[in-house]
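Novice: Take this structure, written in structure tokens, and hold onto it; I'll ask about it next.
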Amino acid sequence: MPVPTSPGGTAASARPSASPRVAIVTGGSRGIGRRTVGRLAADGYSVVVGYAGNQDEAEAAVKEAVTSGGRAIAVRADVADERAVAALFDAAEAEFGGVDVVVHAAGRMRLAPVAELDLAVLDDLHRTNIRGTFVVLQQAARRVRPGGAIVTFSTSVVGLAFPGYGAYAAGKGAVEALPLILARELRGRDVTSNTVAPGPTATDLFLDGKDEETIARLAAQPPLERLGTPADIAEVVAFLASPAGHWINGQVIRANGGIV
């Protein structure tokens with residue numbers, strides 16, 4: 001029996017389900033996004049794994065979702081390209097019948113002091129982290145079904161103000177302006193809008209370029225005395241996406257183990 005496919009993507013499926021909820025997870029091939037894919041699949045969601053370029057990792061995420069008990073496809077899309085994002089949502093609707101949850105986990109990070117940052121890098125970061133978020137939210141606001149949820153990602157660095165994070169934190173500060181505005185714009189739709197702002201979390205994106213001393217110092221900061229894990233953050237997202245979390249709306253959730 002062939003696995004289902006969709007335009008622009010690779011696919012796989014598990015057991016059929018009568019009418020599972022459907023989630024799109026951008027940045028779903030790595031890190032927090034990938035863990036979120038598996039977590040939602042374990043809850044029975046059909047999941048569309050949005051990815052930027054690494055098809056092998058996206059297909060691995062799909063296989064993990066199927067193993068967790070869900071159904072999944074992978075679709076390539078540049079989140080800052082409105083046509084590609086529209087096609088991503090089209091694929092979800094064609095394959096699974098609609099969209100109930102959108103988790104926008106795609107993002108980029110480059111660190112440098114403000115005085116030294118190449119402005120081309122700044123433009124590149126903001127294209128993905130600000131424009132990309134806005135483009136995904138446009139489609140989510142138009143298409144998420146009643147009872148659904150929209151979850152974007154910021155960072156606790158917006159409040160912690162670590163040196164070197166100026167460009168990244170500035171973009172995420174823009175993201176934090178959106179959840180309450182969008183929640184109010186979605187009045188009467190029964191769709192929630194929230195942002196999760198993780199603290200230091202042990203992903204490849206976070207660990208890249210940091211020495212052991214820096215990692216140990218950051219891990220010691222929370223009262224829980226460890227780095228967060230992708231699983232920690234995926235649990236928060238799964239709650240916000242679920243009926244149990246539906247009364248939380250328009251919020252920025254600082255999931256950082258108690259760093260202030």
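Novice: Inspect all residues belonging to region 234-242 and state whether any of them is over 23 Å from Asp43 (Cβ atoms) and surrounded by 13 or more Cβ atoms within 10 Å (Cβ to Cβ).
Specialist: no
Novice: With region 169-260 as the region, which helices (runs of 4 or more DSSP H) entirely inside it contain at least 2 residues that are modelled with pLDDT of 95 or more and within 19 Å of Val136 (Cα to Cα)?
Specialist: By residue number, 178-185, 230-241.
Novice: Within region 98-131, work out how many residues are in contact with a strand residue (DSSP E or B) (Cβ under 7 Å, 6 or more places away or on another chain) and under 21 Å from Gly53 (Cβ atoms).
Specialist: Qualifying residue count for the region: 6.
Novice: Okay, next question. If I ask for residues that are under 30 Å from Pro243 (Cα atoms), more than 15 Å from the chain's Cα centre (by Cα) and not in a helix (DSSP H, G or I), which ones from region 103-152 would you list?
Specialist: Hits for region 103-152 are Val144, Arg145, Pro146, Gly147, Gly148.
Novice: Follow-up. Going through region 16-57 one residue at a time, which ones are closer than 23 Å to Asp232 by Cβ, surrounded by 24 or more Cβ atoms within 10 Å (Cβ to Cβ) and among the aliphatic types (A, V, I, L, M)?
Specialist: Ala23, Ile24, Val25, Ile32, Val37, Leu40, Ala41, Val47, Val49
Novice: I've got another one for you. Free of Cβ contacts under 8 Å to residues at least 24 places away in the same chain and acidic (Asp, Glu): which single residue out of Asp118, Asp78 fits that description?
Specialist: Just one listed residue meets the conditions, Asp118.
Novice: Please determine, by comparing only the residues of region 40-75 that are assigned to a strand (DSSP E or B) and within 15 Å of the chain's Cα centre (by Cα), which one is farthest from Thr128 (Cα to Cα).
Specialist: Of everything passing the filter in region 40-75, Val47 is farthest from Thr128 (Cα to Cα).
Novice: Right, next: Every residue in region 85-115 that is free of Cβ contacts under 8 Å to residues at least 60 places away in the same chain and of a type in the set (A, V, I, L, M, F, W, C), please.
Specialist: Val85, Ala86, Ala112, Val114, Ala115
Novice: Further question on the same structure: Residues to consider are Gly228, Gly199, Gly171, Gly250; find the one that is in contact with a His (Cβ under 7 Å, 6 or more places away or on another chain) and surrounded by 15 or more Cβ atoms within 10 Å (Cβ to Cβ).
Specialist: The match here is Gly171.
Novice: Any residue in region 213-235 that's closer than 23 Å to Arg30 by Cα: show its pairings with residues that are β-branched (Val, Ile, Thr) and part of a helix (DSSP H, G or I) at Cβ separation under 7 Å, as long as the two are six or more apart or on different chains.
Specialist: Qualifying pairs under 7 Å: Pro230/Ile32; Ile233/Ile32; Ala234/Ile32; Ala234/Thr36.
Novice: Here's a follow-up. So which residues in region 1-39 are part of a helix (DSSP H, G or I), at pLDDT 95 or above and not basic (Lys, Arg)?
Specialist: Ile32, Gly33, Thr36, Val37, Gly38
The values are calculated or read from the model by the stated rules, or taken from the named source; none is laboratory data. Quantities reported herein were computed from a predicted structural model and do not represent experimental measurements. Neighbour counts are summed over all protein chains in view; Cβ atoms, including those assigned to glycine, are modelled from backbone coordinates with ideal geometry.
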